[in-house]
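Enquirer: This is the structure, below, for whatever I ask next.
The values are calculated or read from the model by the stated rules, or taken from the named source; none is laboratory data. Keep in mind it's a predicted model, so treat the numbers as computed, not measured. Positions of Cβ are backbone-derived with ideal geometry, glycine not excepted, and every protein chain shown enters the neighbour counts.
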Amino acid sequence: MRYERRLTPVIIGINVLLSACAGPAVGAPPRLTPEEVRASMNQRAESASVPRLVTLVDDRRLKTFNLDESGKETLKEINKLVTPAGYRLKYRFREIGVPVAQALSLSRDRQLQIRLLEIARFQSGQRARSESLLVLAAQKNPEHVKILKEALLDRDVAVQFAAVEALEAWGLPEALPLLMNASERDWSPLVRVFSAKAILQMGMPQGRDQLIKFLTDPNWLMRAMAARYLGDLGKPEDVDLILGRIAAERDNNFVLAELCLAGLKLWNRRGPGLPKPGVSPPTRSAPRTSAHVSSLFELEPLIVTAPRLRVSGAQLVPPQIDTELVGLLEKIAVEPPAEFVIDPNMAELIKLVTPQGYGLYVRYTDIGFLLTEGLAGTTNLTLIYRLETIARSGRYTPARGAAYVALGFDTTRVDLSIFEYALRDPAIQVRFGAVEGLAAQTNPMVRGILAGVAQSDASPVVRLYAAQVLGLKGDVQGVDIVRRYLNDPDWAVRALSTYFLGQLGDDADFERMLINLERETEDHVVAENCLSVLRMSQ
């Protein structure tokens, strides 16, 4: 001990001498600010994704993908999904242009924007041209008016429809005379109504006048679309007109359902509404907020908005609305709808390639979506009983899935046993619908149920969707489960997990995505990878 004490001053002296000889210590590199880190990430994301996106913006690669003929069980399962969230997933796999356009909307690469300008004017294919029009519209450049006008005069209804979307998003005064002319004189009934909606969306009353006129048109699609957009954008006093049309409409169930939905939306605005139900705070860390993708490129028309949640009490909903909606759902639950006959309206709808176009196609070929939207969140005990009966014992599987989604929006619900019962059903449409219903719930018991589904469901599609829902509720267990599938041998599973992780992941996941992007060869996964790295870098 005494010997150690003697050595201590000597050692200290040696250290001081060595430090003096070495000169001043080399300083650590300056730490980057969060803004500098994000800018560096974005530069790397652009460098990695832009070359891949350029090769994908081509109609030869943007063709509709037949899921049933792919030979992959995962894609066949996705093709069976008929709930709103299910349609959103199905559309991503059917139309690779959706993730491609979403990625393009986040990119600021100059060369890519020049390429899009060329495609918007000269590309013959409707998909590449339509998607490029939307990307250009988001830039709000006044010089693009000539390109948008050319597209509006095109003979292809898909390009015309995209042009109306683009003009509405562009939003400059020069758009109004073009839209007014289209709403009054265009050869396509679909484009005429959609143009009137765009005019009203831009704040001009002429759009509302046109929609009211279209509400009594002999063409059923014009009546249905006019009802929908009046419900979204009309005045509270329009509710009387809509309720009167409900009593008069007996020719077409889609028009009747849209009128009921419009009545609900307008009824909300007539009097004080209830506040939206709060979301329970996450028990663990919430996911990082992802970059905003323009609504032009999201399937907003297939999000359940549950307008009755904003009505001041279920008993105040006009009884005729409830009677018509639940009656239609009970009818298809017992007797599946007949094979849809292609009429001129459907021949136009089926050509549309943008997300809004596909949303219209779904609304007017599968009435289950409209009924889900109208019944979601009801607290009327009679309606709940009838929905539960359909969910448990309906003969038409898609109607059962729709009923589970509608029941899930009742956030006052305590008993979750009906959902647990559904999760043992052999039909994937029912199990997926049950998870979608649980996604809308605020009951904390939901997390344990979702975790079980994410770990053990027979379908990777249901497992991944449940994990994503869990992650969106702030539970890191769900994010961890999504990560496990990033390198799955099934490219459809890789694409799905990449899409979900792009919304939920952290900066370490960004690095994983960049590595995967370099070695990925499947176009669908490449598109989702490009979107994810661009989303996570902003």
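Enquirer: Could you grab me the full set of residues in region 131-184 that are basic (K, R) and at negative phi?
Expert: Residues satisfying the conditions are K146, K149, R155.
Enquirer: Among the numbered conditions (1) out of contact with any Asp or Glu (no Cβ under 8 Å at 6 or more places or on another chain); (2) buried (at least 24 other Cβ atoms within 10 Å of the Cβ); (3) not hydroxyl-bearing (S, T, Y), tell me where L501 comes up short.
Expert: Condition (1) is where L501 drops out.
Every residue, every condition in (1) touching a residue at least 12 places away in the same chain (Cβ under 8 Å); (2) more than 30 Å from R129 (Cα to Cα); (3) not basic (K, R), yes or no:
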{"position": "D322", "(1), (2), (3)": "yes, yes, yes"}
{"position": "T389", "(1), (2), (3)": "no, yes, yes"}
{"position": "R413", "(1), (2), (3)": "yes, yes, no"}
{"position": "S417", "(1), (2), (3)": "no, yes, yes"}
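Enquirer: Under 9 Å between Cβ atoms, which residue pairs at least 6 apart in sequence (or on different chains) link something in region 236-249 that is assigned to a loop (DSSP other than H, G, I, E, B) with a partner that is buried (at least 20 other Cβ atoms within 10 Å of the Cβ) and modelled with pLDDT under 90?
Expert: Partner pairs satisfying both residue conditions: P236/W267; P236/N268.
Enquirer: Let me ask something additional. With I428, I384 as the choices, which residue is of a type outside the set (K, R) and within 16 Å of A333 (Cβ to Cβ)?
Expert: I384
Enquirer: If R386 satisfies all but one of (1) among the charged types (D, E, K, R); (2) in contact with a helix residue (DSSP H, G or I) (Cβ under 7 Å, 6 or more places away or on another chain); (3) in a loop (DSSP other than H, G, I, E, B), what's the number of the condition it fails?
Expert: So R386 meets the others, but not (3).
Enquirer: Still on this structure, please answer the following. Go through region 341-376 and give me each residue that's buried (at least 23 other Cβ atoms within 10 Å of the Cβ), of a type outside the set (A, V, I, L, M, F, W, C) and over 20 Å from E95 (Cβ atoms).
Expert: G368, T372, E373, G374
Enquirer: Failed condition for A422, given (1) within 23 Å of the chain's Cα centre (by Cα); (2) of a type outside the set (F, W, Y); (3) within 22 Å of G368 (Cβ to Cβ), with all others met?
Expert: (1)
Enquirer: Same structure, new question: Between a first residue in region 194-212 that is in a helix (DSSP H, G or I) and a second residue that is of a type in the set (V, I, T), which pairs have beta carbons less than 6 Å apart while being 6 or more apart in sequence or on different chains?
Expert: F194/V164; S195/V164; A198/V164; Q206/I199; G207/I199
Enquirer: In region 97-112, is there at least one residue being over 17 Å from G359 (Cα atoms) and free of Cβ contacts under 8 Å to residues at least 24 places away in the same chain?
Expert: Checked against the condition, which is being over 17 Å from G359 (Cα atoms) and free of Cβ contacts under 8 Å to residues at least 24 places away in the same chain, region 97-112 yields at least one hit.
Enquirer: Continuing with this model, one more query. R494 fails exactly one of the following numbered conditions: (1) over 18 Å from the mean Cα position of the chain (by Cα); (2) more than 20 Å from R92 (Cβ to Cβ); (3) of a type in the set (K, R). What is the number of that condition?
Expert: Every listed condition holds for R494 apart from (2).
Enquirer: Could you list all residues from region 214-225 that are surrounded by fewer than 23 Cβ atoms within 10 Å (Cβ to Cβ), of a type outside the set (A, V, I, L, M) and either within 19 Å of P177 (Cβ to Cβ) or in contact with a Pro (Cβ under 9 Å, 6 or more places away or on another chain) (or both)?
Expert: D217, N219
Enquirer: Can you tell me which residue in region 435-449 is surrounded by the fewest Cβ atoms within 10 Å (Cβ to Cβ), limited to those that are farther than 10 Å from L416 by Cα and under 19 Å from the mean Cα position of the chain (by Cα)? Even if it seems obvious, please write down each step before you answer.
Expert: Step one: list which residues in region 435-449 are farther than 10 Å from L416 by Cα, which gives 435-437, 439-440, 442, 444, 447-448.
When the remaining residues are screened for being under 19 Å from the mean Cα position of the chain (by Cα), the result is 435-437, 439-440.
Numbers: V435: 30, E436: 25, G437: 29, A439: 20, A440: 23.
Checking each candidate, the answer is A439.
Enquirer: How about region 154-176: which of its residues are surrounded by fewer than 20 Cβ atoms within 10 Å (Cβ to Cβ), free of Cβ contacts under 8 Å to residues at least 40 places away in the same chain and of a type outside the set (K, R)?
Expert: Matches in region 154-176: D154, G171, L172, P173, E174, L176.
Yes/no per residue for (1) in a loop (DSSP other than H, G, I, E, B); (2) of a type in the set (G, A, S):
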site	(1), (2)
R413	yes, no
I418	no, no
G437	no, yes
L450	no, no
V453	no, no
A458	yes, yes
Y465	no, no
N487	yes, no
D509	no, no
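Enquirer: Could I ask something else about it? Given the criteria part of a helix (DSSP H, G or I), surrounded by 20 or more Cβ atoms within 10 Å (Cβ to Cβ) and without any contact (Cβ under 8 Å) to a residue 60 or more places away in the chain, does L179 qualify?
Expert: When the stated conditions are applied, L179 passes them.
Enquirer: Please determine, by comparing only the residues of region 370-382 that are part of a helix (DSSP H, G or I) and either among the charged types (D, E, K, R) or touching a helix residue (DSSP H, G or I) at 6+ places or on another chain (Cβ under 6 Å) (or both), which one is nearest to L352 (Cα to Cα).
Expert: So, considering only residues that are part of a helix (DSSP H, G or I) and either among the charged types (D, E, K, R) or touching a helix residue (DSSP H, G or I) at 6+ places or on another chain (Cβ under 6 Å) (or both), the one nearest to L352 (Cα to Cα) is L370.
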